[in-house]
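The values are calculated or read from the model by the stated rules, or taken from the named source; none is laboratory data. Computed from a predicted model, the values in this text were never measured in an experiment. Backbone-built Cβ (ideal geometry, glycine too); neighbour counts: all protein chains shown. Calculation scope for accessible area: heavy atoms of the full protein, side chains included, ligands and nucleic acids excluded. Shrake-Rupley method; radii C 1.70, N 1.55, O 1.52, S 1.80 Å.
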Protein chains: 2
Amino acid sequence: MGFDTSTLRFDEQGLIPAIAQDAGTGEVLMMAWMNADAVAKTLESGRVTYWSRSRQAFWVKGESSGHSQALVDFRVDCDRDCLLVVVNQTGPACHTSRRSCFYTAVREGGEVELMTPVAD
Amino acid sequence: MGFDTSTLRFDEQGLIPAIAQDAGTGEVLMMAWMNADAVAKTLESGRVTYWSRSRQAFWVKGESSGHSQALVDFRVDCDRDCLLVVVNQTGPACHTSRRSCFYTAVREGGEVELMTPVAD
């Protein structure tokens with residue numbers, strides 16, 4: 001039996017935010033959006049699939065870059081309006097070639113870069 | 001010098017998603033929203049402050065429950081349209097008295113509860 005995606009609360013654009021967390025390190029890697037079909041595809045395939053708002057198309061993470069996310073656990077929050085996907089990340093998660101998209105810290109009013117791009 | 005919140009990308013409602021992560025355990029605790037003033041308040045006060053969409057008011061996390069979030073690090077993602085606040089969480093983060101809002105896993109089409117409410 002498949003998961004009933006209609007039990008989730010999507011926004012007015014039919015999207016739900018999905019946070020990706022590294023299964024090994026616990027690092028928060030990125031946040032992107034899914035629609036109901038992307039949720040179903042992710043659960044069925046075990047490959048994390050987002051909905052690209054800019055391209056208005058499915059975004060199978062890593063399909064072009066090779067930096068895919070294998071689903072380890074799929075979690076729903078208390079309000080059912082946010083998802084947490086625990087993943088095994090291949091290569092960097094960020095399109096800037098950093099391990100995580102959250103590589104900039106705001107400290108004492110200035111910005112500090114916490115990670116440098118990794119060689120592929 | 002304060003951080004210039006206008007460098008962030010807010011949505012059409014003037015909001016940006018903020019993921020809260022436990023500084024000690026790395027656990028993802030919750031996701032909520034901030035507007036520019038909530039970002040500024042969080043950075044100035046060191047107490048994580050969201051914008052409540054339902055109440056249309058500032059939501060100083062823990063102000064009524066005592067389950068506050070002390071800011072440890074404030075991070076911005078590559079697109080500057082999502083925040084990660086690393087926090088010291090007092091008590092449970094979730095309004096259901098669970099440590100994290102992401103206490104439900106979807107496994108084999110069914111749902112599994114990963115955490116029970118904690119005594120206060």
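Only residues that are free of Cβ contacts under 8 Å to residues at least 60 places away in the same chain and either surrounded by fewer than 17 Cβ atoms within 10 Å (Cβ to Cβ) or not in a loop (DSSP other than H, G, I, E, B) (or both) were counted in region A:86-104, giving 6. In region B:1-11, of all residues being modelled with pLDDT under 95 and open to solvent by 40 Å² or more (accessible area, probe 1.4 Å), the one that is nearest to A:V76 (Cα to Cα) corresponds to B:G2.
Scanning region A:66-85 for residues that are free of Cβ contacts under 8 Å to residues at least 60 places away in the same chain, within 9 Å of chain B (Cβ to nearest Cβ) and assigned to a loop (DSSP other than H, G, I, E, B) gives A:D77, A:C78.
Considering each residue of region A:16-51, count those that are open to solvent by 10 Å² or more (accessible area, probe 1.4 Å) and under 14 Å from the mean Cα position of the chain (by Cα), and give that number. Steps first, answer last, please.
Residues of region A:16-51 that are open to solvent by 10 Å² or more (accessible area, probe 1.4 Å), as a first pass: A:21-27, A:31, A:33, A:35-37, A:40-41, A:43-47, A:51.
With the extra rule that they be under 14 Å from the mean Cα position of the chain (by Cα), the set shrinks to A:21-23, A:26-27, A:31, A:33, A:35, A:41, A:43, A:46-47, A:51.
The number of residues fulfilling the criteria is 13.
Does B:R107 satisfy the criteria of being touching a Lys or Arg at 6+ places or on another chain (Cβ under 6 Å) and open to solvent by 20 Å² or more (accessible area, probe 1.4 Å)?
no
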